[in-house]
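> Next up is a structure, given as structure tokens.
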Amino acid sequence: MPPHKKSLKCTSAFSDVEIYQRIFDSIQNGIMVTDPKGYITYLNPAYGRFLNLDPEMQTGRHCTEVVENTRMHIVGKTGKAEINHIQGIKGLNIVVQRIPVKKKGKVIAVFGLVMFSDLKEITRLAQKVGMLESKVKLYEAELLSLRTTRYSFESIIGESPVMRDLKDEALRATASSYPVLILGDCGTGKEMFAQAIHHSSARRVHPFVKINCAAIPRDLLESELFGYDKGAFTGARTKGKPGKFELAHRGTIFLDEIGDMPVEMQPKLLRVIEEKEFERVGGTRVIRSDFRLIAATNRNLEKMMDEGSFRRDLYYRLNVIPLNIPQLKHRREDIGLLAQKLLKQMASEADLYDVRLDDQALKGLMDYHWPGNVRELANVLERTLSRLDNNVIRMDDLPFYIQQKRFKKIPADKGSLRAIQMDTEKSVLEQVLKDFDYNKTRAAEHLGIHRTLLYRKLKKHGIALHP
């Protein structure tokens with residue numbers, strides 16, 4: 001029998017899967033395979049020895065529970081390979097590869113390779129990384145006023161289906177440098193999403209520069225965005241000043257309230273986005289900047305385009321990756337989680353402990369429509385906490401407009417508006433007095449009025465001062 005025939009006969013005793021597993025088991029570098037969500041399906045013996053873990057016992061566990069600083073689950077979501085990245089594992093800076101395995105364009109697994117066999121090379125890379133980290137720290141210190149990324153995706157609270165989908169979309173946006181347009185009402189957390197995208201992207205070690213387009217006077221906006229050279233105008237610095245786009249080089253620029261951008265500035269902004277180059281005000285030198293643009297607004301840009309107050313070409317250039325943040329009333333499942341998280345944070349800052357909401361107060365928060373969204377929720381909790389006498393927030397401790405569902409509703413057809421207002425006021429006064437056992441001082445404080453005014457209102461409505 002020819003030698004090659006004999007070889008084929010020998011290997012036929014093993015299935016393809018067994019052959020591949022034996023190969024992986026024999027490789028002395030670390031290998032880990034996960035599903036797209038990051039759950040481990042295979043860990044080879046070499047990696048198990050390095051981690052001091054039984055490889056077979058890790059199957060089914062999430063990669064973040066087994067390996068520190070892993071990004072396998074992120075690669076599973078983004079579908080973008082990460083080649084020759086440095087990852088800190090057990091005190092060592094190690095070169096890793098994270099490669100998505102796809103079938104018909106869909107990620108079905110993620111293959112991870114850890115190259116730790118050459119200790120001399122690791123030492124050399126560790127020294128190089130240490131030097132780079134020192135430079136980055138110096139760079140961060142110089143741009144401390146610009147580095148405002150306090151939020152990551154872990155900071156965004158929400159388990160409702162719409163928020164889970166939104167966070168997945170935002171996470172996918174971290175794998176590219178395309179423009180992102182964040183739409184949402186005031187107080188929904190647009191800047192939080194912008195910071196989270198920057199924080200999780202490859203640009204995170206570089207500046208996050210933000211500017212509110214509605215807060216800068218129209219005649220100063222151009223110099224704020226693009227900077228100016230010395231002598232550009234009266235009062236200019238003698239050495240000139242770099243603009244936000246220049247400072248955002250290799251980082252992210254966040255243009256908040258983009259809908260308030262003056263019409264005359266929009267063509268200039270469009271050119272900078274397309275060309276990545278500009279000139280300072282009063283200057284002649286062309287400056288190039290490698291930035292990632294994230295814009296946000298609470299305005300209806302499509303309506304503004306129809307009215308002629310926002311350019312269509314700029315809109316289409318910005319709206320590459322759209323993120324629409326829902327109002328809080330459209331994700332009521334998250335109100336309880338948000339309230340508990342905010343309350344815990346505020347109590348910690350105020351050196352208070354074990355502050356909680358009772359069931360009725362929590363229901364009151366969940367029933368309210370929150371026109372100010374998360375920002376209003378934070379304001380209500382802060383106000384309530386500032387005057388809390390114990391460690392339990394009850395319905396009576398919340399502002400009256402949240403409690404109002406407890407009071408009777410008067411149909412609009414039962415009299416004039418004035419009569420309805422009088423009846424409602426009387427009903428509220430009677431209920432509040434009852435809630436506070438006719439303690440007029442506490443009742444007045446709760447209603448936010450002076451005690452003298454409370455007495456006048458009680459007299460006007462003929463309400464007894466005592467039960």
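The values are calculated or read from the model by the stated rules, or taken from the named source; none is laboratory data. All of these numbers come straight from a predicted model, not from anything done at the bench. Cβ: placed from backbone, ideal geometry, glycine included. Neighbour counts: every protein chain shown. Just so you know, the surface numbers come from the protein's heavy atoms only, side chains and all, with ligands and any DNA or RNA stripped out. Shrake-Rupley method; radii C 1.70, N 1.55, O 1.52, S 1.80 Å.
> Residues in the range 61-80: is at least one outside any helix (DSSP H, G or I), among the aliphatic types (A, V, I, L, M), more than 30 Å from Tyr178 (Cβ to Cβ) and out of contact with any Ser or Thr (no Cβ under 6 Å at 6 or more places or on another chain)?
No.
> Which ones in the range 353-401 are farther than 27 Å from Ser427 by Cβ, polar (S, T, N, Q) and either in a helix (DSSP H, G or I) or open to solvent by 90 Å² or more (accessible area, probe 1.4 Å) (or both)?
Residues satisfying the conditions are Asn373, Ser386.
> Additional query: In the range 281-297, what residues are in contact with a Ser or Thr (Cβ under 8 Å, 6 or more places away or on another chain) and not aliphatic (A, V, I, L, M)?
Within the range 281-297, Phe291, Arg292 qualify.
> Name the residue that is surrounded by the most Cβ atoms within 10 Å (Cβ to Cβ), counting only residues in the range 21-50 that are among the hydrophobic types (A, V, I, L, M, F, W, C) and at pLDDT below 90.
Checking each candidate, the answer is Ala46.
> Now for a different question. Filter the range 310-332 for residues that are free of Cβ contacts under 8 Å to residues at least 60 places away in the same chain, assigned to a loop (DSSP other than H, G, I, E, B) and not charged (D, E, K, R) and give the result.
Phe310
> Quick check on Leu314: is it open to solvent by less than 20 Å² (accessible area, probe 1.4 Å) and out of contact with any strand residue (DSSP E or B) (no Cβ under 8 Å at 6 or more places or on another chain)?
yes
> Scan the range 158-174 for residues that are of a type in the set (Val, Ile, Thr) and crowded, with 17+ Cβ neighbours inside 10 Å and jot them down.
Within the range 158-174, just Thr174 meets the criteria.
> For Asp290, which of the numbered conditions (1) out of contact with any Lys or Arg (no Cβ under 9 Å at 6 or more places or on another chain); (2) not basic (Lys, Arg); (3) not in a helix (DSSP H, G or I) fails to hold?
Failing condition for Asp290: (1).
> In the set Thr64, Thr34, which member is in contact (Cβ under 8 Å) with a residue 60 or more places away in the chain and of a type in the set (Ser, Thr, Tyr)?
So the residue among Thr64, Thr34 that is in contact (Cβ under 8 Å) with a residue 60 or more places away in the chain and of a type in the set (Ser, Thr, Tyr) is Thr34.
> Let me ask something else. If the Cβ limit is 7 Å and pairs must be 6+ apart or interchain, which residue in the range 338-360 that is touching a residue at least 12 places away in the same chain (Cβ under 8 Å) pairs with which residue that is surrounded by 13 or more Cβ atoms within 10 Å (Cβ to Cβ) and in a loop (DSSP other than H, G, I, E, B)?
If the second residue must be surrounded by 13 or more Cβ atoms within 10 Å (Cβ to Cβ) and in a loop (DSSP other than H, G, I, E, B), the pairs left are Leu338/Ile157; Lys341/Ile157; Leu343/Val355; Ala347/Val355; Asp358/Arg394; Gln360/Arg394.
> Would you be able to tell me the number of residues in the range 436-467 that are outside any helix (DSSP H, G or I), open to solvent by 100 Å² or more (accessible area, probe 1.4 Å) and more than 20 Å from Arg383 (Cβ to Cβ)?
Summing the residues that are outside any helix (DSSP H, G or I), open to solvent by 100 Å² or more (accessible area, probe 1.4 Å) and more than 20 Å from Arg383 (Cβ to Cβ) in the range 436-467 gives 3.
> Here's a follow-up. Please work out if Lys244 is without any contact (Cβ under 8 Å) to a residue 60 or more places away in the chain, in contact with a helix residue (DSSP H, G or I) (Cβ under 6 Å, 6 or more places away or on another chain) and at negative phi.
Spelling it out, Lys244 is indeed without any contact (Cβ under 8 Å) to a residue 60 or more places away in the chain, in contact with a helix residue (DSSP H, G or I) (Cβ under 6 Å, 6 or more places away or on another chain) and at negative phi.
> His446 versus (1) within 39 Å of the chain's Cα centre (by Cα); (2) modelled with pLDDT of 80 or more: which is the lone unmet condition?
(2)
> Please specify each residue of the range 52-94 satisfying the condition of being farther than 27 Å from Ala170 by Cα, open to solvent by 20 Å² or more (accessible area, probe 1.4 Å) and not small (Gly, Ala, Ser).
Passing the criteria: Asn52, Leu53, Asp54, Pro55, Glu56, Met57, Thr59, Lys90, Leu92, Asn93.
> Has the range 262-274 got any residue that is within 30 Å of Met163 (Cα to Cα) and not polar (S, T, N, Q)?
yes
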